[in-house]
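Quick notes on the structure that follows.
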Amino acid sequence: MNLKSLRGSVLLLAALTLLFIAAPTRGLAQGRGPAGPPRSGKAGAAEDLTGYWVSVVTEDWRFRMVTPPKGDYSSLPLNAEARKVADAWDPAKDEASGEQCKAYGAAAVMRQPGRVHITWQDDNTLKVETDAGTQTRIFHFGASQPGAGQPDWQGYSVAQWEVPEAGRGGGGGANGPPALKEGEIKGGSLKVVTTHLRPGYLRKNGVPYSGNAVVTEYYSRTMEPNSDSWLIVTTIVEDPQYLNQPFITSTHFKKQADASGWNPTPCSAR
């Protein structure tokens with residue numbers, strides 16, 4: 001996949017994401033008869049996201065491939081309280097308190113370089129595992145509220161498929177979503193909203209997000225003319241306690257044929 005093609009794909013996916021944010025359910029029931037039983041997340045999948053994916057770091061290299069120095073907060077919309085917290089970052093203190101995974105929570109783990117493995121745990125539960133930090137995320141379809149229990153690094157994630165109105169009704173049926181053709185960008189995306197988070201870091205150098213942060217993600221897949229397939233994850237972090245405005249990133253993963261290179265490693269505070 002060349003840089004020009006990747007940029008074109010990203011621009012189109014960004015436009016689609018903005019469309020979903022503005023009107024994700026517009027026209028869903030217009031002109032249709034009574035709705036049948038709700039389909040499971042797996043049966044109603046707009047895209048096949050399963051398999052192994054490896055991150056391709058084409059931007060923010062100095063923030064993702066190495067730990068930035070204390071005080072380097074470039075491109076982050078931090079308020080004064082967040083800067084005060086980040087200026088007090090002490091990785092040794094995090095290690096001593098067993099909080100090495102602060103930078104591997106749902107708001108930041110997809111930015112860690114490494115591989116992800118996506119599978120269906122059951123018909124309404126999508127599982128996303130990362131080898132960086134050995135984390136497991138669980139996306140719940142058909143659910144709306146987190147259950148009882150303490151907040152944790154990955155929080156509670158509610159997922160739904162978002163498909164442009166023109167594409168509704170042409171889903172994948174019993175055998176899953178139709179295969180992408182070469183050069184095609186599928187119109188649908190997986191939207192995931194995560195809450196109930198344990199406070200953590202947006203970057204490894206102590207930039208904080210609070211337990212009240214809301215993380216909204218859009219997962220979109222492309223197929224390129226050379227048969228490469230890409231997963232583009234657009235992440236929006238909203239946290240009025242520490243951020244002056246939403247923090248938005250776009251992260252790219254390339255599809256792998258198998259588990260080659262899969263290497264689970266523990267969290268690192270440094």
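Pairs from the list K70/K93; K42/K102; K102/K255 with a Cα-Cα gap above 23 Å: K42/K102; K102/K255. Extension gain, W262 to E129: 0.36 nm times the residue separation minus the Cα-Cα distance gives 46.8 nm. Multiplying the residue separation of A143 and K93 by 0.36 nm and removing their Cα-Cα distance gives an extension gain of 14.3 nm. Here the Karplus relation 6.51 cos²θ - 1.76 cosθ + 1.60, evaluated at θ = phi - 60°, turns the backbone of the range 203-215 into coupling constants of 9, 5, 8, x, 6, x, 10, 9, x, 9, 5, 10, 10 Hz, with x for every Gly and Pro. Fully extending the segment from T136 to D122, taken as 0.36 nm per residue of separation minus the present Cα-Cα distance, adds 3.6 nm.
The average projected area of the range 78-157, computed from the convex hull of its Cα atoms over all directions, is 7.1 nm². Backbone geometry of the range 137-150 corresponds, through the Karplus equation with coefficients 6.51, -1.76 and 1.60 at θ = phi - 60°, to 3J(HN,Hα) couplings of 9, 10, 9, 9, 8, x, 10, 10, 10, x, x, 5, x, 6 Hz, x marking Gly and Pro. Separation of the range 214-254 from the range 49-82 is 12 Å, based on Cα centroids. For the range 127-135, putting each phi into the Karplus relation 6.51 cos²θ - 1.76 cosθ + 1.60 with θ = phi - 60° gives couplings of 10, 10, 9, 10, 7, 6, x, 6, 9 Hz, in residue order, rounded to whole numbers and with x for Gly and Pro. Placing R0 at 25 angstrom, the Cβ-Cβ distance between I248 and R270 gives a FRET efficiency of 0.40 after rounding to 0.05.
Each of S227 and D60 was given a label point 7 Å from its Cα along the Cα-to-Cβ line. The distance between the two points is 3.3 nm. Ordering of 191-197, 95-101, 132-138 by packing is 191-197, 132-138, 95-101, highest average first (other Cβ atoms within 10 Å, averaged per residue). Taking a straight Cα-Cα cut-off under 12 Å and skipping sequence neighbours fewer than 8 places away in the same chain, the aspartates and glutamates within cross-link reach of K254 are E224, D228.
Pairs of Cα atoms in the range 181-270 fall into 10 Å distance bins, from 0 up to the last occupied one, in shares of 14, 33, 33, 17, 2 percent.
Read-outs: derived from the displayed coordinates by stated rules, not from any lab. Treat the numbers as computed from the prediction; the structure is a model and nothing was measured. Note: ideal-geometry Cβ built from the backbone for every residue, glycine included; neighbour counts use all protein chains shown.
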